[in-house]
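Quick notes on the structure that follows.
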Amino acid sequence: MVHGKGSLLGKMPGDPNDPAQWQRYANLRAYYGFMWGHPGKKLLFMGQEFAQPGEWNHDAELPWALLDDARHAGVQCLLRDLNRLYRSQPALHRLDCEPAGFQWLQAEDREQSVLAWARHDGQGGCVIVVCNFTPVPRPGYRLPAPVGTSAWREALNTDSAHYGGSNAGNLDAVLPVAEGQLTLTLPPLATLFLVPA
């Protein structure tokens, strides 16, 4: 082993009586969404891109056979799609270290463990990131919308079935802004990325 710090999957909480460990994998996917949506550079260590359960061992190869398990393959697909979204949406990286590139939309909802922010590229581009850090779906969640866009769509949902999730969310819906707010379905233990529709 390397430093005895363990893996990210190994640090995720979840129901110990659940043989599928859905909460641990959903937590990890939500965290990766949080990290890719938040300002700052992205960093993973070897094996983290497919949810290696143990810490990287410099004396052994990565356990690539884990990709035969849909849960691990789903995390790998998520990382691929997060990287694609990051490259294609300048708001996620252009003003990474400048205050103008970040706007809190929801930072006070402790009771429901929801965080939301907008990332701006300084040229009119914007991405909304919403995190639900509880295992409870939240239909009808109201969120202030950034000024200037009348409708949004879900560009990435870490709870998608493609990544091993339950497929809750807003799917292909166009989400109109009404009275300065968006009404969303927040999947359990998930991060959503919204772009202008």
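Summary table
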{"read-out": "The range 67-76 - residue that is surrounded by fewer than 18 Cβ atoms within 10 Å (Cβ to Cβ) and among the hydrophobic types (A, V, I, L, M, F, W, C) and, of those, farthest from Thr158 (Cα to Cα)", "value": "Leu67"}
{"read-out": "Some residue of the range 149-158 being of a type in the set (Val, Ile, Thr), open to solvent by 20 Å² or more (accessible area, probe 1.4 Å), at pLDDT 95 or above and at negative phi", "value": "no"}
{"read-out": "Helices (runs of 4 or more DSSP H) contained entirely in the range 1-88, each with at least 2 residues that are free of Cβ contacts under 8 Å to residues at least 40 places away in the same chain and not acidic (Asp, Glu)", "value": "22-37, 70-88"}
{"read-out": "Counted residues, the range 18-63 - those being open to solvent by 60 Å² or more (accessible area, probe 1.4 Å), under 30 Å from Ile128 (Cβ atoms) and charged (D, E, K, R)", "value": "1"}
{"read-out": "Subset tally (residues that are under 18 Å from the mean Cα position of the chain (by Cα), closer than 27 Å to Arg138 by Cβ and of a type outside the set (S, T, N, Q)) for the range 81-108", "value": "11"}
{"read-out": "Residues of the range 89-99 satisfying the condition of being under 13 Å from Cys126 (Cβ atoms) and either open to solvent by 100 Å² or more (accessible area, probe 1.4 Å) or assigned to a helix (DSSP H, G or I) (or both)", "value": "Pro90, Ala91, Leu92, Arg94"}
{"read-out": "Residue in the range 135-164 that is nearest to the chain's Cα centre (by Cα), counting only those that are assigned to a loop (DSSP other than H, G, I, E, B) and of a type in the set (Gly, Ala, Ser)", "value": "Ser160"}
{"read-out": "Count of the range 181-197 residues which are open to solvent by 40 Å² or more (accessible area, probe 1.4 Å) and part of a loop (DSSP other than H, G, I, E, B)", "value": "1"}
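The values are calculated or read from the model by the stated rules, or taken from the named source; none is laboratory data. Bear in mind that the values here come from a model prediction, so they are computed numbers and not experimental data. A quick note on method: Cβ atoms are made from the backbone with ideal geometry, for glycine too, and the neighbour counts reach across all protein chains shown. Note: areas computed on protein heavy atoms with side chains; ligands, DNA, RNA excluded. Shrake-Rupley method; radii C 1.70, N 1.55, O 1.52, S 1.80 Å.
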